[in-house]
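The values are calculated or read from the model by the stated rules, or taken from the named source; none is laboratory data. What you are looking at is a predicted structure, and each value in this text was computed from that prediction instead of being measured. Cβ coordinates were reconstructed from backbone atoms using ideal geometry, including for glycine residues, and neighbour counts include every protein chain displayed.
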Amino acid sequence: MGNLSVWYDEEGDYLELTREETEGFFVDLGDGVFERVDEDGETIGFAVLNVSSRKERDLPFDVTFEKTSSGA
C-alpha cells in the first residue's frame with residue numbers, strides 16, 4: 001500500500017481518500033459515497049459528498065490504517 005492522499009474541498013464539502021496515484025473510476029455506493037477502483041477492481045480510495053453533515057452518521061465502509069515497511 002502506498003501513501004494515503006487526503007483531499008478536502010471546503011467549498012464543495014467534498015472529501016477524497018486515495019491510496020494510490022493510479023487511474024481508476026468511481027462506483028456509486030449510494031448516499032453520496034463513492035468507491036474508487038482500479039482497472040482490476042481493487043479499491044484505491046473513497047469519495048464522500050456533503051462530508052460535514054456526516055459527523056454523527058456512519059459511512060458504509062471501514063477504514064484501516066496500517067504501517068508498512070518502505071522497502072528501502
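I'd like the full set of residues that are surrounded by 12 or more Cβ atoms within 10 Å (Cβ to Cβ), under 23 Å from GLU10 (Cα atoms), hydrophobic (A, V, I, L, M, F, W, C) and modelled with pLDDT of 90 or more, limited to the stretch 23-72.
Once the filter is applied, which keeps residues that are surrounded by 12 or more Cβ atoms within 10 Å (Cβ to Cβ), under 23 Å from GLU10 (Cα atoms), hydrophobic (A, V, I, L, M, F, W, C) and modelled with pLDDT of 90 or more, the stretch 23-72 yields PHE26, VAL27, LEU29, VAL33, PHE34, ILE44, PHE46, ALA47, VAL48, LEU49.
Looking at the stretch 21-41, which of the residues that are in a strand (DSSP E or B) and β-branched (Val, Ile, Thr) is nearest to SER52 (Cα to Cα)?
My answer is VAL33.
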